[in-house]
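Asks: If you scroll down you'll find the structure; I have some questions about it.
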Amino acid sequence: MINETRRNAETRMAKSIESLKHELTKLRTGRAHTSLLDHITVDYYGSQMALNQVASISVPDARTLLIQPWEKGMVSSIEKAIMTSDLGLTPATAGTIIRVPLPVLTEERRRELVKVVKSEGEGARVAIRNIRRDANNELKALLKDKEVTEDEERRAQDDIQKLTDRHIAEVDQMLTAKEAELIEI
């Protein structure tokens, strides 16, 4: 029972880390990368499709994304989807190729993005602490039902605390790296 609780907590904490990584990749750092457009959907014959399922996305240089739709008719839909997205990007079309230049980030915008990064990190820390609380409550319930001894419960709580500390350190490391990436000119 204790091992199951520990595994469950570890799995949930790892998912919190993955969620944070996903959120941080959405933040634009001034460098082009294809994951920047991952959350954009395009109207494809009446249904919403992910952009990377209707076109190939590449990075020809550090400040430009290149989108090549697989069908000529998709150019205007893709252009519209990028313009209406929350990224604030303006695509430039040349025939069937769409170029998306990334503007240089201003100092003020960089500071705002650092605040967003810190906010995302705090959310991840809170999620990890909540997982710790849930696991500790499960352990207390096991102790109350006399399925484990007090010593076993105490050891398991220590293990879960070490797990929590390790995951929070990983969050801190990710945040530090992302902040450095944002501040870098």
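Asks: To one decimal place, what Kirkwood hydrodynamic radius in Å is obtained for the range 1-75 from all pairs of distinct Cα atoms?
Replies: Roughly 15.0 Å, rounded to one decimal.
Asks: How large is the convex hull of the Cα atoms of the range 34-101 per residue, expressed in Å³ as a whole number?
Replies: About 76 Å³ per residue, rounded to a whole number.
Asks: Next question. Assuming 0.36 nm per residue, please report the length gained on full extension of the stretch GLU112 to GLN68 beyond their Cα-Cα distance.
Replies: 12.7 nm
Asks: Looking at the P(r) of the range 66-126, how many percent of alpha-carbon pairs lie beyond 15 Å?
Replies: Value for the range 66-126: 62 percent of Cα pairs lie more than 15 Å apart.
Asks: Next question, about the same structure. Using Cα atoms only, what is the angle between the long axis of helix 75-84 and the major principal axis of the chain, expressed in degrees (0 to 90) to the nearest 10?
Replies: Roughly 50 degrees between the two axes.
Asks: For the range 82-164, what are Rg and Dmax over the alpha carbons, in angstrom?
Replies: 24.2, 72
Asks: Please identify the trypsin sites (Lys or Arg not before Pro) of the range 142-171 that satisfy two criteria: DSSP loop assignment and at most 10 other Cβ atoms within 10 Å. Which are they?
Replies: Answer in residue order: LYS146.
Asks: Per the Cauchy relation, a quarter of the hull surface: what is the mean projected area of the convex hull of the alpha carbons in the chain, in nm²?
Replies: 13.2 nm²
Asks: Once the Cα atoms of helix 107-144 and of the chain are each reduced to a long axis, what angle between those two axes, in degrees from 0 to 90 to the nearest 10, is obtained?
Replies: Compared with the principal axis, the helix lies near 30 degrees.
Asks: Going by how many other Cβ atoms sit within 10 Å of their own, how do VAL116, VAL104 line up, fewest first?
Replies: Fewest-to-most Cβ neighbours within 10 Å comes out as VAL104, VAL116.
Asks: Using the count of nearby Cβ atoms within 10 Å as a rough guide to exposure, how do SER76, SER16 rank from fewest to most?
Replies: In increasing order of surrounding Cβ atoms, one gets SER76, SER16.
Asks: Loop only by DSSP, 14 or fewer other Cβ within 10 Å of the Cβ. Give me the GluC sites (Glu not before Pro) in the range 62-124 that pass, ordered by residue number.
Replies: Answer in residue order: GLU71.
Asks: Given the -39500 (n - 2.57) contribution per DSSP H run of 4+ residues, what per-residue ellipticity at 222 nm results for the chain, rounded to the nearest 500 deg cm²/dmol?
Replies: Helices in the chain give a 222 nm mean residue ellipticity of -20500 deg cm²/dmol.
Asks: Please work out how much length the chain gains when fully extended from GLU18 to ALA141, using 0.36 nm per residue of separation minus the C-alpha to C-alpha distance, in nm with one decimal.
Replies: Working it through step by step, the gained length comes to 41.4 nm.
Rule-based calculations on the coordinates, nothing more; no lab input. Keep in mind the model is a prediction, meaning the values are calculated, not measured. FYI the Cβ positions are ideal-geometry reconstructions off the backbone, even for glycines, and counts take in every protein chain you see.
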